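What follows is a set of notes on a single structure, which appears directly below.
Bear in mind these aren't lab numbers, they're just calculated from the coordinates by the rules spelled out. These figures come from a predicted structure and were not determined experimentally. Ideal geometry is used to build each Cβ from the backbone, glycine not excepted, and the neighbour counts take in all protein chains shown.
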C-alpha cells in the first residue's frame, strides 16, 4: 500500500513570516498526530529568507537592508542553511512528514525529496542532477541542478520530535533576479560564492512556467504516492500560526525550538 500524502497550496501573500509560521504550526500538528503527512506547493512574493546562521552574522543588518532596497521582504526561514531567495517566478514547497525517529531519517528524507524534484524536472526535458554545484548559493549535497552546473532547487530541513519539515524553493524563471538579490546580501555577510551557478528551469526547458513545473511535480508525486487533495486542518494550522508570525519576522523575536538541518 502506497503512502498517502495530502496536497496543499495554502499561501499567505504579503506575509512571508506567516508562511513560515504556518509551516511550523503544521509541523507541530503532524508531530502530535493531529494532521496527516502534507506536501504544500505554493507561490510566494519576493522574499529573502534568512537562516539562524545568517541572523548571527556580523553583516546581517546590512544584508537585510540590501534585500529591502531591492524590494525583497526579509523573513526567517524554518530550515537551516544560508539565505535563500523566493520570487514571483519560483515555487516554494514544504513537505511535512510524520517521523518517530526524525533525526535518524534526515538524509533519507533529503534524498527522497531531491530524487522527486529531479525526476519531475526530467519530465520537462531538464538534465536534472542531484548534488552540490561548486560555488552555489546556500550550498548543500541535495541541491538539484541542471547538468551539474546551474542550481535549480535548494532544500533544508527542520526536525522536531515526531515529525520533520523538508522545505525549499524551485527556481522556474528569471535566474537573474535570484542572482542579483543574493550578490549584495551575501557580500554583506561575507559569504563567498559563484553567482553564475544560479539557474532557472525555463533556461533549460524553454516554455516552462510556474503552472507546468507545478504540474510536473504533482505528476511525480502521484506516480509515487497516494496523493489526495484537502484533508488537512488548514484553519487550525493558520490559527496556531498567527501567534508565531512575529518570531519569523526579522527582528521579531526568537525562532521556535527545533533542530535545523542544512542541505542547500
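Worth pointing out:
- Highest average packing first - 152-159, 105-112, Cβ atoms within 10 Å: 152-159, 105-112
- Each residue in 9, 187 was given a count of other beta-carbon atoms within 10 angstrom of its own, and listing them fewest first yields 9, 187.
- Taking the DSSP bridge list for region 4-255 and keeping only pairs wholly inside it, about 75 percent are antiparallel.
- Choice from 49, 208, 83 showing the highest fluctuation, given a GNM over the chain with Cα pairs closer than 10 Å: 208
- The chain: most fluctuating residue of 22, 12, 248 per GNM, C-alpha cutoff 10 Å: 12
- Inter-site label distance for residue 246 and residue 234 at 7 Å from Cα along Cβ, in nm: 2.7 nm
- Take every pair of alpha-carbon atoms less than 8 Å apart whose residues are at least six positions apart; their mean separation over the length of region 1-115 yields a relative contact order of 33 percent.
- Across all Cα atoms of the chain, the radius of gyration (one decimal) and Dmax (whole number) stand at 16.9, 51 Å.
- Residues in region 16-39 reached by a label modelled at residue 226 [backbone nitrogen below 13 Å; 7 Å Cα→Cβ]: 37
- Estimated D of region 122-237 in µm² per second, where Rh is the Kirkwood radius over Cα pairs and Stokes-Einstein applies at 37 °C, 0.692 mPa s: 207 µm²/s
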